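Notes to accompany the following structure.
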Ligand SMILES: NC(=O)c1ccc[n+]([C@@H]2O[C@H](COP(=O)([O-])OP(=O)(O)OC[C@H]3O[C@@H](n4cnc5c(N)ncnc54)[C@H](O)[C@@H]3O)[C@@H](O)[C@H]2O)c1
């Protein structure tokens, strides 16, 4: 698929990855629909895109709410025409031990925290993919769904819901490739390892050093531009389907 002239929806568009994907693809000539729950951050993106003369439209929506997701896709398709690519990128890390030793007792990981991660990282991905597929099938011009997973899909310490949801979106990428290829719609996942972003900069320096020098063969975290490069590859290579691209510098958990 050609990037130039494509209509691409990026969820979590105001975050580190979403922002990088949006500006990278817009500078290649795509029209970007950047969706996020954070209205203030979206306004910043809109201003910056305007000042650079880039085609980035912004939309506030909560991807875990069915009516908001349906409204978002209807609005985009009605106003701007066929949707070519969905980048299912919005995600949160709601971390904690399953059982934590605390104050001489044991504290359970809260069910509400579990559900928050599942609501955004899994239910949100499902809702957006379902709407994208619905519109793409009716348009009849094919398309692509890209789900952002993580190296944590293999199971990471203190990341019950994050690991489970990031493994699930890889499985869903296979399911959707099988179900949607007949309509000319591909479905792939990208699973980044540690990428240098505000999220990973929160890791205590000592732990960060240990990760970089003892776990990552390349001895560095990845750059957001390297993930954006994988997105471009996924869009442009029409034979990539039902697969996950592990982008982790050789890290294995
Ligand atoms: N940063 C990394 O190293 C890394 C590594 C592997 C995978 N990932 C994944 O990449 C994706 C983006 O990560 P990031 O580092 O850019 O995170 P980020 O926190 O910078 O961006 C996430 C964005 O999602 C938005 N969002 C949260 N809940 C939402 C909702 N309900 N509806 C709409 N938008 C919502 C947030 O407002 C935020 O702008 C996530 O799925 C994350 O799990 C990140």
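Worth a mention:
- The listed residue being in contact with a strand residue (DSSP E or B) (Cβ under 7 Å, 6 or more places away or on another chain), over 20 Å from residue 251 (Cα atoms) and either modelled with pLDDT of 95 or more or away from the ligand (no atom under 15 Å from the Cβ) (or both), out of 173, 150: 173
The rows are residues; the columns are (1) within 11 Å of the ligand (Cβ to nearest atom); (2) surrounded by 20 or more Cβ atoms within 10 Å (Cβ to Cβ).
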position: 106; (1), (2): no, no
position: 116; (1), (2): yes, no
position: 128; (1), (2): yes, yes
position: 145; (1), (2): no, yes
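- Contact annotation: residue pairs with Cβ atoms under 6 Å, 6 or more positions apart or on different chains, pairing a residue in region 186-197 that is in contact (Cβ under 8 Å) with a residue 40 or more places away in the chain with a partner that is assigned to a strand (DSSP E or B) and near the ligand (Cβ under 7 Å from one of its atoms), are 190/148.
- Flag for residue 189 being in a strand (DSSP E or B) and touching a strand residue (DSSP E or B) at 6+ places or on another chain (Cβ under 6 Å): yes
- Pair list, Cβ under 6 Å, 6 or more apart: region 159-174 residue touching a residue at least 60 places away in the same chain (Cβ under 8 Å) and closer than 10 Å to residue 114 by Cα, other residue in a helix (DSSP H, G or I) and away from the ligand (no atom under 14 Å from the Cβ): 161/114
- Just one of (1) surrounded by fewer than 17 Cβ atoms within 10 Å (Cβ to Cβ); (2) within 15 Å of the ligand (Cβ to nearest atom); (3) under 21 Å from the mean Cα position of the chain (by Cα) fails for residue 211. It is (3).
- Condition met for residue 161 (out of contact with any helix residue (DSSP H, G or I) (no Cβ under 7 Å at 6 or more places or on another chain) and within 12 Å of the ligand (Cβ to nearest atom)): no
- Filter result (closer than 22 Å to residue 65 by Cα, within 11 Å of the ligand (Cβ to nearest atom) and either crowded, with 18+ Cβ neighbours inside 10 Å or modelled with pLDDT under 95 (or both)) within region 20-40: 34, 35, 36, 37
- Screening residue 51 on (1) out of contact with any strand residue (DSSP E or B) (no Cβ under 6 Å at 6 or more places or on another chain); (2) under 22 Å from residue 124 (Cβ atoms) shows it passes everything except condition (2).
- Residue in region 53-64 that is near the ligand (Cβ under 10 Å from one of its atoms), under 26 Å from residue 184 (Cα atoms) and touching a residue at least 60 places away in the same chain (Cβ under 8 Å) present: yes
- Condition check for residue 227: assigned to a helix (DSSP H, G or I) and under 22 Å from residue 28 (Cα atoms): yes
- Within region 1-19, tally of residues that are in contact (Cβ under 8 Å) with a residue 60 or more places away in the chain, more than 10 Å from the ligand (Cβ to nearest atom) and over 20 Å from residue 74 (Cα atoms): 3
The values are calculated or read from the model by the stated rules, or taken from the named source; none is laboratory data. Because the structure is a prediction, the values reported are computed rather than measured. FYI the Cβ positions are ideal-geometry reconstructions off the backbone, even for glycines, and counts take in every protein chain you see.
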